[in-house]
Amino acid sequence: MQLLATKFKKISLVGSCVALIFSGNSAEAASKIVTRSDDGQVVKIAKGSSFSLSLDSSYWSLVQLKKSASVKQIGDVLSEPIAPSPTAPPGCTRLGSGCATLTWKFTAKKLGSTKLAATRESCGEALACAPEEQNFSVTIKVIAKRIK
């Protein structure tokens, strides 16, 4: 039994070391996700990093207000539907409510700023949005990478 416990300790220690070697700096490794909580804010992204804009309805349309060399969209918008159910988030309990997460991916290419905006008129099938729910905007400021 003692031999078995010693082997598990060695395996655990080796696994921990491997995890530390491959984890790197998690703050820089993680891709930033911009959401509706960032509405009206300036979000700083390091040059060369990727980031996503994720909005909580299938009715959003993305508009890049200013043609920019600072950020470049990668691929098409991704849509992840949320199935209507009694346990779904508020407002997602019936068909036609636009329950999905739309995600656009970008790369921060060059130092500078650009404004990303999204608009929607509908907040559900035949349900107009209140004025404060129709627009989203965020300024992406591409900054130099930190020197370690």
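The values are calculated or read from the model by the stated rules, or taken from the named source; none is laboratory data. Since the model is a prediction, treat every value here as computed from it, not as a measurement. No Cβ is skipped: glycine too gets one built from the backbone with ideal geometry, and neighbour counts run over all protein chains shown.
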In the range 118-129, the residues that are surrounded by fewer than 16 Cβ atoms within 10 Å (Cβ to Cβ) and at pLDDT 90 or above: Thr119
Extreme residue, surrounded by the most Cβ atoms within 10 Å (Cβ to Cβ), among residues of the range 134-148 that are at pLDDT 90 or above and outside any strand (DSSP E or B): Gln134
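So that you can scan it fast, the table gives a plain yes or no per residue for (1) in contact (Cβ under 8 Å) with a residue 24 or more places away in the chain; (2) more than 28 Å from Gly124 (Cα to Cα); (3) of a type outside the set (Gly, Ala, Ser):
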position	(1), (2), (3)
Lys47	yes, yes, yes
Ser50	yes, yes, no
Ser54	yes, no, no
Ser57	yes, no, no
Leu62	yes, no, yes
Ser68	yes, yes, no
Gly75	yes, no, no
Leu78	yes, no, yes
Pro81	no, no, yes
Among the candidates Thr114, Thr93, Thr87, Thr101, residue that is modelled with pLDDT of 90 or more and either of a type in the set (S, T, N, Q) or assigned to a loop (DSSP other than H, G, I, E, B) (or both): Thr114
